[in-house]
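One structure is given here, and the rest of the page talks about it.
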Amino acid sequence: MLITLGIIGVVAAMTMPSLIANYQKKETLSKLKKTYSIFSQVVKQAELNEGETEYWDFTLSSKEFYTKYLKQYLNAGNEYIDKPLPRDMDYHTLNGGINNAAGGHEVTSNPKVFLNDGTFFTILKSSDNSYSVVVNLNGYSHPNRWGRDIFAFSVVKGKGFVPYGLYTGLISSDTGEVIGSFGDSIDRDKITGTGNSRSCNKEKDGIWCAALIMFDGWEIKEDYPW
């Protein structure tokens, strides 16, 4: 009996990490799809009243853009606009670093909002034709990591709500040029490659991981940098 229990214990120890990871992946996919659906519907509802995104005012500040086009259609809870979050929140990268700048939540003027289901997001201006929507699926809770519970999307002029990196990227503070875009179509090799700091692999930040999951049919495949 002791031998049998020992074998069961060894098998359980070997399989439990895999079972836990699979559960976490399913939970992440469920939350991510729900959040994507919410924001897609918000943008569509706003278009009914404000016209298509092609005609939206993309010169507005992130605060003005959120207030004019998105706020009234969201089931928002606590909002932090023109004031900091009550707690610090570091956004860890897949390669072990920290990239809070891309999250935009440390900029006081950016809208930082908790939905009533606990989802947290930040709106920040990315370029002259887009605003980023950076979503943290579980708020302050860990792991607070890009590609795990933090994902980036964009509202792009004439394109609507899309995964971040498609059509446009962030503005470089040094050159003023748009950086971090993988182009006008989702290229899996570019998204997972090592040529850009935002790539979805364990050597980079992982900011493009939402695009990879969507491209893979809302799946987290074996080569995903979990």
> Which of the residues belonging to region 80-115 are within 18 Å of the chain's Cα centre (by Cα) and under 28 Å from Glu47 (Cα atoms)?
Replying inline: Ala102, Gly103, Gly104, His105, Val107, Asn110, Pro111, Lys112, Val113, Phe114, Leu115
> Just a yes or no: is a residue in region 78-85 free of Cβ contacts under 8 Å to residues at least 60 places away in the same chain, under 26 Å from Asn138 (Cα atoms) and basic (Lys, Arg)?
Replying inline: yes
> Is at least one residue of region 56-65 at pLDDT below 95, closer than 24 Å to Val162 by Cβ, open to solvent by 20 Å² or more (accessible area, probe 1.4 Å) and among the charged types (D, E, K, R)?
Replying inline: no
> How do the strands (runs of 3 or more DSSP E) wholly within region 107-172 filter down when requiring 3 or more residues that are crowded, with 22+ Cβ neighbours inside 10 Å and in contact (Cβ under 8 Å) with a residue 12 or more places away in the chain: which remain?
Replying inline: 120-127, 130-136, 150-156
> Out of all the residues in region 38-55, which are open to solvent by 60 Å² or more (accessible area, probe 1.4 Å) and not charged (D, E, K, R)?
Replying inline: Gln41, Gln45, Leu48, Asn49, Tyr55
> Which of the following residues is under 17 Å from Lys125 (Cβ atoms) and in contact with a helix residue (DSSP H, G or I) (Cβ under 9 Å, 6 or more places away or on another chain): Phe65, Phe58?
Replying inline: Phe58
> Using beta carbons and a limit of 7 Å, which pairs, at least six apart or on different chains, have the first residue in region 187-199 and touching a residue at least 60 places away in the same chain (Cβ under 8 Å) and the second one crowded, with 18+ Cβ neighbours inside 10 Å?
Replying inline: Arg198/Gly165; Arg198/Gly180; Arg198/Lys204; Arg198/Asp205; Arg198/Ile207; Arg198/Trp208
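The values are calculated or read from the model by the stated rules, or taken from the named source; none is laboratory data. Owing to the predicted nature of the structure, the values given are computational and were not obtained by experimental measurement. Because the Cβ atoms are built from the backbone with ideal geometry, glycine has one as well, and the counts that use them run over all protein chains shown. Heavy atoms of the whole protein, side chains included, go into the accessibility calculation; ligands, DNA and RNA do not. Shrake-Rupley method; radii C 1.70, N 1.55, O 1.52, S 1.80 Å.
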